[in-house]
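Worksheet: the structure to be examined is printed underneath.
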Amino acid sequence: MNKSIELSNRLEKCYSGAVYDVLRAMGYPNQTLPNNIRPLNIDKKLAGTVFTVSGRYDDTLDPHETLLQWTALLSKAPKGSVIICQPNDDKLSHMGELSSETLQLKGIRGYIVDGGCRDSDFINKIGFKVFCKYYTPVDIVGRWVADSFEEPIKIGDVDINTGDYVMADRDGIVVIPQNISEEVIEKVEEVLRTESLVRKAIMNGVDPQKAYLKYGKF
């Protein structure tokens with residue numbers, strides 16, 4: 001197993017609140033994506049290395065060109081990655097049935113978009129992990145093109161680069177800069193171990209304030 005897959009699997013066992021707490025303590029308090037980007041299935045957690053995509057709305061586009069670039073997106077995303085898309089558009093769906101099935105078959109861990117999704121029932125049934133802002137049946141054909149891959153993007157106040165890590169669950173989405181990713185994951189795992197000790201102490205009758213003072217975590 002390569003290093004990025006190992007770290008992705010470890011991160012997916014964590015939760016966004018603990019990741020945020022660690023990033024905040026390390027001086028990175030503004031790494032959460034807008035809270036209106038929500039999971040298609042709230043029971044699914046998603047984590048992995050980021051592959052960035054951006055695009056643009058243009059209703060003068062040739063339908064063939066839009067589909068050519070969309071299939072390029074499906075082709076370029078590497079196995080084991082999480083695609084994060086800044087569509088620069090709030091009208092269309094930027095993920096659907098066949099695309100989700102294709103990405104799942106390729107081993108893509110999931111898809112996060114600051115935009116829309118359709119065919120949500122099908123995507124939910126196959127278990128592909130999608131986080132989006134809204135749903136609409138309106139597709140991209142002749143209206144939207146993916147025109148940039150692996151370039152820096154921004155969603156909300158967060159700068160996102162290919163190679164960063166992302167952790168997403170029902171509470172929100174947190175982006176971890178690549179250069180501190182392993183350190184963050186190790187610290188989060190330590191937080192989870194400490195939280196388990198605090199919980200065990202309280203369940204055994206220890207006063208919550210005393211438990212906090214002993215372990216330094218609550």
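Here are a few things to note about the model shown:
- The lone criterion from (1) farther than 13 Å from Ile180 by Cα; (2) surrounded by 13 or more Cβ atoms within 10 Å (Cβ to Cβ); (3) at pLDDT 95 or above; (4) over 14 Å from the mean Cα position of the chain (by Cα) left unmet by Tyr28 is number (1).
- Counting residues in segment 92-100 that are closer than 21 Å to Leu11 by Cβ, among the small types (Gly, Ala, Ser) and in contact (Cβ under 8 Å) with a residue 24 or more places away in the chain gives zero.
- Test for Asn36: is it within 24 Å of Asn124 (Cβ to Cβ) and touching a helix residue (DSSP H, G or I) at 6+ places or on another chain (Cβ under 9 Å): no
- Residue in segment 131-140 that is under 13 Å from Trp70 (Cα atoms) and surrounded by 24 or more Cβ atoms within 10 Å (Cβ to Cβ) present: yes
- Considering residues of segment 2-25 that are loosely packed, with under 15 Cβ neighbours inside 10 Å and not in a helix (DSSP H, G or I) only, the residue nearest to the chain's Cα centre (by Cα): Lys13
The values are calculated or read from the model by the stated rules, or taken from the named source; none is laboratory data. Being a predicted model, the structure only gives us computed values, none of them experimental. Positions of Cβ are generated from backbone atoms using ideal geometry, with glycine treated the same way; all protein chains shown enter the neighbour counts.
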